[in-house]
Each structure stands twice: as structure tokens, then as C-alpha cells.
Amino acid sequence: METKIPVVILGATGSVGQKFVELLKDHPWFRIAALCASERSAGKQYKDAVNWFQSSELPEHIGQMIVQPCDATVMGRLAFSALDAAVAGSIEQAYAKAGYTVVSNSKNHRHHPDVPLLVPEINASHLELIQGQQFGEGKIITNPNCSTIGLVMALKPLVDAFGVREVSVVTMQALSGSGYPGVSSLDIVDNAVPYIGGEEEKMEKEPLKIFGDLINGHVEPAVMSISATCNRIAVVDGHMECVSVRLGRSANAQQIIEAWEDYRAEPQEMGLPMAPVQPVHYHREDNYPQPRKHRMLDKGMAVSIGRLRSCSILDWKFTLLSHNTIRGAAGGAILNAELMAEMGLL
């Protein structure tokens, strides 16, 4: 693009907000115009308001930016929301009313009937829903929960090729998914926590909207049974999921692997900057995927799968890995905005 689109980051000091800053600082299409956060941080230079814990250095010019309040008066037309759910609903609606396109990582609007729950490789057609929104001059688009994104990316090629009727998933989720400071070290060191509030309900409900059919301006949820169990483990980044599926029709292992490896969609065809070249990678090694080795595959935007084998209860079982703060949060939201930009919807 000849002129970069100015963007606002809401909740810029938090874990996902920092990841937005890291991914957008050199983005070819978008330019960070404002960093917004709570009243506690507003008025400070960003470097003084944030506890920067990303692996890359905070750029000096971004560190010197003054943090703004989340009041929809800053200049821009695209807002990325990393706000806590306790405040995200009203703030995102205020920005939409002010004319912004709000691309949100928060849960508040995910199941609003006129808001797309968007994964560009899966349901780009759901962007049609924004035509019916009543948020003012702007619009709101959401991405799913971080653990949901990895799951649906692995299921989509199977849904298309064979159909999927039943899913059982057990997650081992990274610490960064709980934000900063997150889980106490005394709770997680030498330990695993078999509960993440609200996570199982999200994983069981969100895929039904994502895989749903767009009929007469609304989404008819997919017919699929999903059972989820979620655990927090002592890994910094990268959600691992053990999945068993019952397919709609029979398939052998090679057909399933080929469906994963051959899968491409609109982001790959359009060559969007954040899009992985290959959305799903299958690893044939017995002990793959692993968070430390594979979470950054293809900019942290690809999903890694391994250990495909027959299941004695359902049909097939496998293990997947996705980067929860990139593909599952900030990177996924940026890809949503890139898709909208390419489609002329910003």
C-alpha cells in the first residue's frame, strides 16, 4: 500500500497488546497511530507505562509515544482491541460508533449474531454479517479464543474433505494465555492446573459458529458435538491439544495427511502479509509437534500436527500445536484486518 493505514491499539500495555505492538511496528500496511490503555497508564510514555516482556526490543519511537485513554477521540480508523473482557464491550462499541473498524481479541461480541467470529482460512464469507451491524458508522469483527483457533484450523481440512461429527479435545495451554502476571509461580512450577475458567465452554461453542453456514444474513451453527478439557502447563508460549475425531465418512491416514498438507484458502491466494504460506503442517516424527521447536513455524501463524493414529473410541486421533499469542490472538486479528483491507472493507 502506498499509504499505511493508521491503527489504534486498545489495551496496549497488556500481554496481547504488547504482541500487537511487536507485530505491527514494521507492518507493510498498518502504522501504529496511538496506544491506548487504562486511566492508570494514560498520560505516560509507553516505555514507562508498560512492563515490556517481549523477546524483541521495544522500538525507541514507540516507547516515547504518550499513552492515550480509551475514549475514541484519537485519530485513526482501525482499532485492534486487546482489552480485558470486563471493559471491552462498551469501549469497543464506542469506537465502532465513532466510525472505527474494531478488530477484537476479546470475547464480548463473539456470539453477537451480526459479528463475524473470523478465521480467514475458514469463514471469510462471514464478513457479510457486518452489513447488518447496528453499532453506528463503524463495525466490529472478532477472532476466536486462542485454543479454539488451533482446533478449527486442524479440523477445517477434515470438515471439507470428510465431514466431522464428533470431537474430543484435551488441551495443555501455555502460561502466556493467562496474561501478565498470569499464574503464580507457586501454582505452576512442578505442577499443572486442570482448570481454565470459561475455556472449555468457548472451545465447545465457538467452532459451531465458525463452521456454520451463512444463510439469509445469519449464521446457522454447524452440527458437531465437541467435548473439551483444558489444562494450564508450565510452557511460556504454544498451546498443545490432543484431539480425537469421528469423521462423516471413512478415510485412511494418507488421505487425512494430504487434506492437511494441501489445504490453502483466501489468505494464501491473496498473499496477505501475516498469512502462513502453508496453514497446516504435518510432522511425521513420532515425538512432534513440540512448543519450543514449532510454535514459531511460518511467523507463528501455522498450525503443527503430528501423531495421527487410529482411535479405538472415535475414528482418528492426533496432536496439534499453535502459537497462542500470535496465531491465537494478535497475529490472527491482524490477519483479519488484512483480509478486510484486501477486500475493500476498511
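The values are calculated or read from the model by the stated rules, or taken from the named source; none is laboratory data. Source: prediction; values computed, not measured. We place every Cβ from the backbone using ideal geometry, glycine too, and count neighbours over all the protein chains shown. When the accessible area is computed, the model is the full protein with side chains, heavy atoms only, and any ligands, DNA or RNA have been set aside. Shrake-Rupley method; radii C 1.70, N 1.55, O 1.52, S 1.80 Å.
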Checklist entry - What angle, in degrees between 0 and 90 and rounded to the nearest 10, separates the Cα long axis of helix 146-161 from the longest principal axis of the Cα atoms of the chain? => result 50 degrees
Checklist entry - Once the Cα atoms of helix 199-210 and of the chain are each reduced to a long axis, what angle between those two axes, in degrees from 0 to 90 to the nearest 10, is obtained? => result 90 degrees
Checklist entry - Whole-Hz Karplus ³J(HN,Hα) for the range 54-65, in order, using 6.51 cos²θ - 1.76 cosθ + 1.60 and θ = phi - 60°, x for Gly and Pro? => result 6, 6, 8, 6, 6, x, 4, 5, 6, x, 8, 5
Checklist entry - lysines within cross-link reach of Lys4: Cα-Cα under 25 Å, excluding same-chain residues under 8 positions apart? => result Lys19, Lys25, Lys47, Lys97, Lys139, Lys299
Checklist outcome for this item: For the range 211-269, the per residue accessible area (1.4 Å probe, Å²) is 49 Å²
Checklist entry - Can you give the extra length, in nm with one decimal, that the chain gains between Arg31 and Glu166 once fully stretched, where that is 0.36 nm per residue apart less the Cα-Cα distance? => result 44.3 nm
Checklist entry - So, in nm, how far is label Lys299 from label Asn216 when the simple model puts each one 7 Å beyond its Cα toward the Cβ? => result 3.9 nm
Checklist entry - Could you give P(r) for the range 46-126, binned at 10 Å from zero, as whole percent values over all Cα-Cα pairs? => result 15, 38, 33, 13, 0
Item to check | FRET efficiency, Gln45 to Glu269 (Cβ-Cβ, R0 35 Å, nearest 0.05) | outcome: 0.25
Checklist entry - In the Gaussian network model of the chain, springs joining C-alpha atoms below 10 Å, which of Val280, Val236, Val219 carries the largest mean-square fluctuation? => result Val236
Checklist entry - So what is the 222 nm mean residue ellipticity for the chain from helices alone, if each DSSP H run of at least 4 adds -39500 (n - 2.57) and you divide by all residues, rounding to the nearest 500 deg cm²/dmol? => result -8000 deg cm²/dmol
Checklist entry - Contour minus end-to-end for Lys4 and Asp262, with contour as 0.36 nm per residue of separation and end-to-end as the Cα-Cα distance? => result 89.6 nm
Checklist entry - Over the range 1-125, what percent of the accessible surface lies on carbon and sulfur atoms, probe 1.4 Å? => result 48 percent
Checklist outcome for this item: Cα-only Rg/Rh for the range 268-330 with Kirkwood Rh rounds to 1.04
Item to check | Rough spin-label spacing in nm, given labels placed 7 Å along Cα→Cβ, for Ala192 and Val223 | outcome: 3.5 nm
Item to check | Translational diffusion coefficient (Stokes-Einstein; Kirkwood radius from C-alpha pairs) of the range 13-94 at 37 °C, 0.692 mPa s, in µm²/s | outcome: 250 µm²/s
Item to check | Size-normalised alpha-carbon gyration radius of the range 91-246, reference 2.2 N^0.38 Å | outcome: 1.12
Checklist entry - Per 20 Å bin, what is the whole-percent P(r) computed from every C-alpha pair distance within the chain? => result 32, 59, 9, 0
Checklist outcome for this item: Here, chymotrypsin sites (Phe, Trp or Tyr not before Pro) of the range 16-120 satisfying both criteria (DSSP loop; at most 13 other Cβ within 10 Å) are Phe53
Checklist entry - Not counting the cut sites, what is the longest span of the chain without GluC sites (Glu not before Pro) that DSSP labels loop and that have at most 15 other Cβ atoms within 10 Å? => result 138-284
